[in-house]
């Protein structure tokens, strides 16, 4: 009667799912930024702002191909992506004003 349920964040399956979500979101974000560029957005600013998220997606793709996921990547990626999305417009303006 004393079944031990695994802790919710200890399963390797959860790391795998979070890594897949990060990879899919990174691809979606790249498509979003490319569509913004094609609609007349600033090229350099949009590409520079998208680069950290795209790099996280490529790193996640590598982790998925080698079957080696870890919590540091998953939690770090969530924090970086959240911060980039929150400050996205400010970063685009800052990069554009710095480059121009």
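Rounded to the nearest 500, what is the 222 nm mean residue ellipticity of the chain from helices alone, with -39500 (n - 2.57) per DSSP H run of 4+ residues and division by all residues?
Details: 4 runs with 79 residues, N = 100.
About -27000 deg cm²/dmol.
At a threshold of 8 angstrom on Cα-Cα distance, excluding pairs fewer than six apart, so keeping six or more, what relative contact order does the chain reach in percent? Please report the intermediate quantities before stating the final value.
Values: 61 pairs, mean separation 37.0, N = 100.
Once divided by the residue count of the chain, the mean separation gives 37 percent.
State the Cα centre-to-centre distance between the range 63-94 and the range 23-55 in whole Å.
So the two Cα centres are separated by 14 Å.
Give the peptides 68-75, 49-56 in descending order of average Cβ contacts within 10 Å, highest first. Don't jump to the answer; show the numbers that get you there.
Details: 68-75: 14.4, 49-56: 18.5.
Highest to lowest by the protection proxy: 49-56, 68-75.
Report Rg/Rh for the range 26-70, rounded to two decimals, where Rg is the Cα radius of gyration and Rh the Kirkwood radius. Please list the in-between numbers first.
Details: Rg = 12.6 Å, Rh = 11.3 Å.
Over the Cα atoms of the range 26-70, Rg/Rh equals 1.12.
All of the numbers you see were taken from the coordinates with simple rules; none came from a lab. From a predicted model like this one, the values you see are computed outputs, not experimental measurements. Positions of Cβ are backbone-derived with ideal geometry, glycine not excepted, and every protein chain shown enters the neighbour counts.
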